[in-house]
Amino acid sequence: MDPVSPDTMPKNIFDLPNLIKSNLLDFSKKVASALNAIEADKVRKVFLVGDGDSFHASLGSEMAFESIAGIPCEVASGQKFLDYKSSFLSNENIDEILVVGISASGSTKRVIHSLKKVKELGIMTMAITGREGSVITEIADSSIVLSIPPFPPSPGIRSYVASLSGLVLTAIHLGWITGRCSKEEKDELIAELLSLSDFMNATIGSTEEAAKLAAKEFKEKESLIFIGSGPSYGTAVFSAAKIIEACGVFSMGQDLEEWSHVEFFAYPDDMPAFIIAPPGKSSWRAVETAGMTKSYGHPTIVITSPGNEDIIQYADYVFPVQGEVREEFSAFIYHIGVDFFAYYLTKELDRYLFKSDNRDFQKLNEAYQKRDRIR
Amino acid sequence: MDKMPIMEPSIMIDQVESLPELIEDHVEKFDVEVRKFFQKINGEKIDHIYITGCGDSYHAALASEMAFEKISKINCEAINGLRFLDYTSEHLLPNSIVVGVSASGGSARIVEAVKRVDRSRGVSVSITGNAESPIAKNTDYVIHVDIPFMGRSPGVRTYEASLLGLYLTAIRLGEYQGQVKKEEASGLVEELAGLSDIVLKANQACQAVSKKAAQNFKDSPAVLFLGSGPNFGTAVFSAAKICESCGVISFGQDLEEFAHVEGLCYPDDMPVIVFAAKGKSHWRAVEIANYAKTLGKRVMVVAESDDDILKQDFDFSIAMPAYDREEFSPLYYHVISDYLSGYLTEALGRKLFRSDQNRTSAALGSNIQTSKRKN
C-alpha cells in the first residue's frame, strides 16, 4: 500500500449527504427484492454478523430491528457467530431465524463461513455487501448489493453508512412484511431516513470546526475513550476504530454504564472522554456520565443535539448534531464529528492512514491480510 | 462521605490464592440453591435465557453464554445492565428466564433492569451474594451465592462465585430441559468442584511469570486482552481488573476484531495477552498471537500445558493445566490477570482502586449504587 494521505477522509465525509440522497430509494428497492426472495414473513429472530465496521453497523441498527420491526435481534462478530452461536441454533425454530451477514468487500472470511454453516442447517441467510458477484453473494440465499462509487482509500465511512442503510431498511421492510407497521408507516420511515441527508449536511457544517480545535488540543494524548449506549454503543466502538485506523492512537468504545464500573478508575485523568448522547432512552445516563467525567478532570466532548443543555453544561467541546433524529437512526449521523476529529488528529500528528507510511508494518500486514482473505 | 481504606496490591494475590478453597467449599452449597430454584419453577416452559449484569457480573455473563447454550441447548444472551434496562427489556422473547447477576445485590442498574421483566414473558432470578439485597427483593426467585467476606478488593472471589452460580444454573437447566440426564448433570457438578485442583495448578503456573511480566509491562500506557467465546468474557474481565487495580487503561477484545482494528494501534510494543484455551476458537487464537507478535507487540500467550503454541517464541507463555471443557475454562483462565493486576500495581507503586486518592463511591464518585433512571 502506498502511503495514504488523510486528505481522503474529508472527501468521504462530505459525500455522505449525497450518498443517502442519491442511493437510499434504490437501496430500499434492493432490500425489498432481497426479502421477497426468502420467506421473510416467517422471520421472528434476526442475527446480524459482521466484523470491524460491519460489526459496528450491526450494533448501531439492533434497536431498529427490535423497535421498528418488533423482531428480537442479536449481534455477533464473525468469530463468535461462526465458532459459538451457530453451533447451538439447531435446537431453535430454524424456520423463523434470519442470519444477515454484512461485509462491504464481500470477502470477509469469518462472515462467509458463518453463512455457509447455518445454511447447512436450513436457516435463511441474507448478505449485505458493496460488491456484486462477491463470494458472500454466492453463499447467501439472498443478497442486497449496495454499490457505491469507489473513492480513494479511507477508513470506512461511506461503506459504514451504506451498511447501516441496508440494515435499517431491512428492519423497516421486515416490520411491514410481518405486519408490525403499515405501508404508510413504512413509507414515512423511509422518507425520514432520506431526510437524514439534510441533517448530515448541517451536521458536517456544525461539527468540523469544533473537531479541528479538539484535535489540536488533544494531539498529545495517548488514549481516548468513546462512550454510548444502545445504538450509540455501536457509534462509540465505530468511532474508536476510526481513530485507530486513521492515526493509531489507542481508543476504545464503551457502554455508559460499564464506564462507571470500570474505566472510571483509568489513568490518565486528562484522557478525553467523548460522550455520544442522542435524545433517546439512555440520554439520562449520558448526562450523569458527562457529569462524572467532567468532575474527574477528563476533557469532556459531548456529541448531542444543540439544545441539550442538561449535558452541554459539562462539555469542554460540543459536536452538535443537527435535526430531530430518532434514536434508531442516530448511528447514521452521530459519528460525523468524530470522523472529522480523526482526520484532523491525523494531520496534527503528521501521520498517514492505516500506518501506510510505515513500510515494515505494511509488509507484515499485507502478507497476513492476503493469507486471510478468500480472494 | 465514605472514605475507602488504602488497599494494598497484595490483596489481589490473597484473593486469587483463596480460589481453590472457595470452589471446594461452595460448589455443593450453591448447587443446592440452584436445584431449589428449578424445583420452584417446575412446569415453567423455558425457551430463552437472558443474563444481565454490570462490570464483573456482566463479564461473568459473557463467560457463561457458551455453557448455557451447549448444556441446556437453548439460546442465551449476555447483555449489560443499561442495555437490558433501556432497550432489550421491552422486547423479551416469550418463555424466558432473565438472570440478574449482582454480587452485592445493590447495583442500581441491575435492580432497575430486573424490575422491568414482564411476568407474562418470563421469570426473573437473581444470582447474588446477598439474599436480603435490593436485587433479591425484586426478582421472582433468588439463587444465593454468598461467600465469606475477605475484605474489599477488585472482584475476584465474587466473580468466581458468580461464575459458579451461572455454570451450576446452566447444568441444572440442562437437566430441567431434559437435555442432560440426572447422572450426567451430577457428573458435571462434580467436575466443577474438581476444578478447585485445576485452579490451584493454574495459580502455580501463573505467579512467577506474571510477576516478571508486570515488571516488563509497567512502562506501557495500555494493555490489551484478547479472547473469543467464553474467554471473551475473560478478556473483558481481565481488562477491568487492570483498570481497577492500577488504573492502566486496558481493553478486552474479541480475537477477530483485533485483526480488523486494534492491530493498527500504537504503541507498536503494546502488551497483548491472548487467551488460547482448547476449544472452538483455539485455531484463531494461535493465528492472532502470531500476528500480534509479527506486528511487534509484547505477546503473552495463555494456553494449556500440552499445547504446541507454547513451543513457539512469545515474550511470555503461561502453561495452564490441561482441561477439556472450554465452557468452564473462564473459572481458571482469569487467574493470570488477577496476579498480573496485583503485581503491576505493586510495580507502579500504586494502590487498588486508587484508594490513596479518595476516588471512590459516594465521594465525587462513580454512582453505580445510587444512580436512578430518569424518564
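So is B:E77 farther than 30 Å from B:K278 by Cβ and within 11 Å of another protein chain (Cβ to nearest Cβ) or not?
Working: farther than 30 Å from B:K278 by Cβ: no; within 11 Å of another protein chain (Cβ to nearest Cβ): yes.
No; evaluated as a whole, the condition is false for this residue.
Let me confirm something: among A:K347, A:K363, which residue is closer than 23 Å to A:F274 by Cβ and either modelled with pLDDT of 95 or more or in a helix (DSSP H, G or I) (or both)? Steps first, answer last, please.
On the way: A:K363 fails: closer than 23 Å to A:F274 by Cβ.
Selected residue: A:K347, the only one of A:K347, A:K363 that is closer than 23 Å to A:F274 by Cβ and either modelled with pLDDT of 95 or more or in a helix (DSSP H, G or I) (or both).
Can you pull out every residue in the stretch B:264-304 that is surrounded by fewer than 19 Cβ atoms within 10 Å (Cβ to Cβ) and of a type in the set (S, T, N, Q)?
Selection gives B:N290, B:T294.
Out of A:D357, A:D269, report the one residue that is farther than 30 Å from B:T370 by Cα and within 14 Å of another protein chain (Cβ to nearest Cβ).
On the way: A:D269 fails: farther than 30 Å from B:T370 by Cα.
Only one candidate passes the filter, namely A:D357.
Any idea which of B:G53, B:G105 is under 28 Å from B:Q357 (Cα atoms) and within 14 Å of another protein chain (Cβ to nearest Cβ)?
B:G53
Considering (1) within 30 Å of A:R351 (Cβ to Cβ); (2) in contact (Cβ under 8 Å) with a residue 40 or more places away in the chain; (3) crowded, with 21+ Cβ neighbours inside 10 Å, say which one A:P10 fails and leave the rest.
(3)
Need the failing condition index for B:V248 against (1) facing another protein chain (nearest Cβ under 8 Å); (2) of a type in the set (A, V, I, L, M, F, W, C); (3) under 26 Å from A:Y84 (Cβ atoms), just the number.
So the condition that B:V248 fails would be (3).
Collect the residues in the stretch B:303-343 that are β-branched (V, I, T) and more than 16 Å from the chain's Cα centre (by Cα), keeping them in residue-number order. Lay out the reasoning, then the answer.
Of all residues in the stretch B:303-343, those β-branched (V, I, T) come to B:309, B:318, B:335-336.
Listed by number, the residues that qualify are B:I309, B:I318.
Can you name the condition, by its number, that B:H26 falls short on among (1) at pLDDT 95 or above; (2) more than 17 Å from the chain's Cα centre (by Cα); (3) farther than 24 Å from B:E184 by Cα; (4) not charged (D, E, K, R)?
(3)
Is it true that A:E66 is touching a strand residue (DSSP E or B) at 6+ places or on another chain (Cβ under 9 Å), in a helix (DSSP H, G or I), at the interface with another protein chain (Cβ under 7 Å from one of its Cβ atoms) and surrounded by fewer than 24 Cβ atoms within 10 Å (Cβ to Cβ)? Show your work before the answer.
On the way: touching a strand residue (DSSP E or B) at 6+ places or on another chain (Cβ under 9 Å): yes; in a helix (DSSP H, G or I): yes; at the interface with another protein chain (Cβ under 7 Å from one of its Cβ atoms): yes; surrounded by fewer than 24 Cβ atoms within 10 Å (Cβ to Cβ): yes.
Answer is yes for this residue.
Taking into account only those residues within the stretch A:69-99 that are farther than 30 Å from B:W283 by Cβ and in a helix (DSSP H, G or I), which is farthest from the other protein chains (Cβ to nearest Cβ)?
Step one: of the stretch A:69-99, the residues farther than 30 Å from B:W283 by Cβ are A:69-72, A:93, A:95-96.
Next, only the ones that are in a helix (DSSP H, G or I) stay: A:95-96.
Working: A:D95: 15, A:E96: 11 Å.
Here the residue is A:D95.
For residues that are buried (at least 23 other Cβ atoms within 10 Å of the Cβ), in contact with a strand residue (DSSP E or B) (Cβ under 8 Å, 6 or more places away or on another chain) and not in a strand (DSSP E or B), scanning just the stretch A:272-286, find the one that is farthest from the other protein chains (Cβ to nearest Cβ).
Start the filter on the stretch A:272-286 by keeping residues that are buried (at least 23 other Cβ atoms within 10 Å of the Cβ), which leaves A:273-278, A:282-283, A:285-286.
Now restrict to residues that are in contact with a strand residue (DSSP E or B) (Cβ under 8 Å, 6 or more places away or on another chain): A:273-278, A:283, A:286.
If we keep only those that are not in a strand (DSSP E or B) too, we end up with A:278, A:283, A:286.
Working: A:P278: 13, A:S283: 8, A:A286: 10 Å.
The residue in question is A:P278.
Condition first: without any contact (Cβ under 8 Å) to a residue 40 or more places away in the chain and either closer than 24 Å to B:A67 by Cβ or charged (D, E, K, R) (or both). Now tell me which residues in the stretch B:310-321 satisfy that.
Step one: list which residues in the stretch B:310-321 are without any contact (Cβ under 8 Å) to a residue 40 or more places away in the chain, which gives B:310-314.
Listed by number, the residues that qualify are B:K311, B:D313.
From B:K45, B:K70, grab the single residue that is within 14 Å of another protein chain (Cβ to nearest Cβ), out of contact with any Leu (no Cβ under 8 Å at 6 or more places or on another chain), in contact (Cβ under 8 Å) with a residue 40 or more places away in the chain and not in a helix (DSSP H, G or I). Don't jump to the end; show me each part of the working.
Working: B:K70 fails: not in a helix (DSSP H, G or I).
Sole residue among the options that is within 14 Å of another protein chain (Cβ to nearest Cβ), out of contact with any Leu (no Cβ under 8 Å at 6 or more places or on another chain), in contact (Cβ under 8 Å) with a residue 40 or more places away in the chain and not in a helix (DSSP H, G or I): B:K45.
Name the residues in the stretch A:157-201 that are outside any helix (DSSP H, G or I) and surrounded by fewer than 24 Cβ atoms within 10 Å (Cβ to Cβ), would you?
The first filter runs over the stretch A:157-201 and keeps only residues outside any helix (DSSP H, G or I), leaving A:157, A:178-182.
If the condition is that a residue be outside any helix (DSSP H, G or I) and surrounded by fewer than 24 Cβ atoms within 10 Å (Cβ to Cβ), then A:T178, A:G179, A:R180, A:C181, A:S182 are the ones that fit.
From the list B:L224, B:L168, B:L200, which residue is assigned to a helix (DSSP H, G or I), surrounded by 23 or more Cβ atoms within 10 Å (Cβ to Cβ) and in contact with a helix residue (DSSP H, G or I) (Cβ under 7 Å, 6 or more places away or on another chain)?
B:L168
Output the residue which, of all residues in the stretch A:62-75 that are of a type in the set (G, A, S) and out of contact with any Ser or Thr (no Cβ under 8 Å at 6 or more places or on another chain), is nearest to B:F258 (Cα to Cα).
A:A64
When you go through B:V180, B:V223 one by one, which is the residue that is closer than 19 Å to B:F314 by Cα, within 14 Å of chain A (Cβ to nearest Cβ) and of a type in the set (V, I, T)? Can you show your working first?
Details: B:V180 fails: closer than 19 Å to B:F314 by Cα.
Result: B:V223 is the single residue among B:V180, B:V223 that is closer than 19 Å to B:F314 by Cα, within 14 Å of chain A (Cβ to nearest Cβ) and of a type in the set (V, I, T).
Among the candidates A:D41, A:D53, single out the residue that is among the acidic types (D, E) and within 12 Å of chain B (Cβ to nearest Cβ).
Working: A:D41 fails: within 12 Å of chain B (Cβ to nearest Cβ).
The conditions single out A:D53.
Residues to consider are A:S356, A:S330, A:S295, A:S283; find the one that is closer than 22 Å to A:T8 by Cβ and out of contact with any Phe, Trp or Tyr (no Cβ under 8 Å at 6 or more places or on another chain). Can you show your working first?
Numbers: A:S330 fails: closer than 22 Å to A:T8 by Cβ; A:S295 fails: closer than 22 Å to A:T8 by Cβ; A:S283 fails: closer than 22 Å to A:T8 by Cβ.
Criteria check complete, one pass: A:S356.
Here is a list: A:F250, A:F226. Which entry is facing another protein chain (nearest Cβ under 7 Å) and either touching a residue at least 24 places away in the same chain (Cβ under 8 Å) or out of contact with any helix residue (DSSP H, G or I) (no Cβ under 6 Å at 6 or more places or on another chain) (or both)?
Values: A:F226 fails: facing another protein chain (nearest Cβ under 7 Å).
Exactly one residue qualifies, and that residue is A:F250.
Among the residues of the stretch B:85-92, is there at least one that is more than 10 Å from chain A (Cβ to nearest Cβ) and either farther than 16 Å from B:S162 by Cα or in a helix (DSSP H, G or I) (or both)?
Step one: list which residues in the stretch B:85-92 are more than 10 Å from chain A (Cβ to nearest Cβ), which gives B:89.
Narrowing further to those that are either farther than 16 Å from B:S162 by Cα or in a helix (DSSP H, G or I) (or both): B:89.
Checked against the condition, which is being more than 10 Å from chain A (Cβ to nearest Cβ) and either farther than 16 Å from B:S162 by Cα or in a helix (DSSP H, G or I) (or both), the stretch B:85-92 yields at least one hit.
Being surrounded by 23 or more Cβ atoms within 10 Å (Cβ to Cβ), in contact (Cβ under 8 Å) with a residue 24 or more places away in the chain and away from chain B (no Cβ under 13 Å) narrows it down to one of A:D339, A:D255, so name that one.
Working: A:D255 fails: away from chain B (no Cβ under 13 Å).
From the options A:D339, A:D255, the qualifying one is A:D339.
Out of the residues in the stretch B:73-83 meeting the condition of being assigned to a helix (DSSP H, G or I) and touching a Gly at 6+ places or on another chain (Cβ under 8 Å), tell me which one is nearest to B:K372 (Cα to Cα).
Of all residues in the stretch B:73-83, those assigned to a helix (DSSP H, G or I) come to B:81-83.
With the extra rule that they be touching a Gly at 6+ places or on another chain (Cβ under 8 Å), the set shrinks to B:81, B:83.
On the way: B:G81: 13, B:R83: 15 Å.
Across the stretch B:73-83, the extreme among qualifying residues is B:G81.
List pairs: first residue in the stretch A:279-290 and more than 10 Å from A:Y314 (Cα to Cα), second residue assigned to a helix (DSSP H, G or I) and hydroxyl-bearing (S, T, Y) anywhere in the structure, Cβ distance under 7 angstrom, at least six positions apart or on different chains.
Listed pairs, sorted by first residue: A:G280/A:S330.
Pick from the stretch B:312-351 the residues that are surrounded by 24 or more Cβ atoms within 10 Å (Cβ to Cβ) and polar (S, T, N, Q): which of them is farthest from B:G296 (Cα to Cα)?
B:S329
So A:N358 passes all but one of these: (1) without any contact (Cβ under 8 Å) to a residue 40 or more places away in the chain; (2) within 24 Å of the chain's Cα centre (by Cα). Which condition number does it fail?
Looking at each condition in turn, A:N358 falls short on (2).
Before we move on, is B:G174 within 12 Å of chain A (Cβ to nearest Cβ), surrounded by 24 or more Cβ atoms within 10 Å (Cβ to Cβ), touching a residue at least 24 places away in the same chain (Cβ under 8 Å) and out of contact with any strand residue (DSSP E or B) (no Cβ under 6 Å at 6 or more places or on another chain)?
Working: within 12 Å of chain A (Cβ to nearest Cβ): yes; surrounded by 24 or more Cβ atoms within 10 Å (Cβ to Cβ): no; touching a residue at least 24 places away in the same chain (Cβ under 8 Å): yes; out of contact with any strand residue (DSSP E or B) (no Cβ under 6 Å at 6 or more places or on another chain): yes.
For B:G174, the condition - within 12 Å of chain A (Cβ to nearest Cβ), surrounded by 24 or more Cβ atoms within 10 Å (Cβ to Cβ), touching a residue at least 24 places away in the same chain (Cβ under 8 Å) and out of contact with any strand residue (DSSP E or B) (no Cβ under 6 Å at 6 or more places or on another chain) - is not met.
The values are calculated or read from the model by the stated rules, or taken from the named source; none is laboratory data. Since this is a predicted model, take the numbers as computed values, not measurements. Glycine gets a Cβ as well: all are built from the backbone with ideal geometry, and neighbour counts include every protein chain shown.
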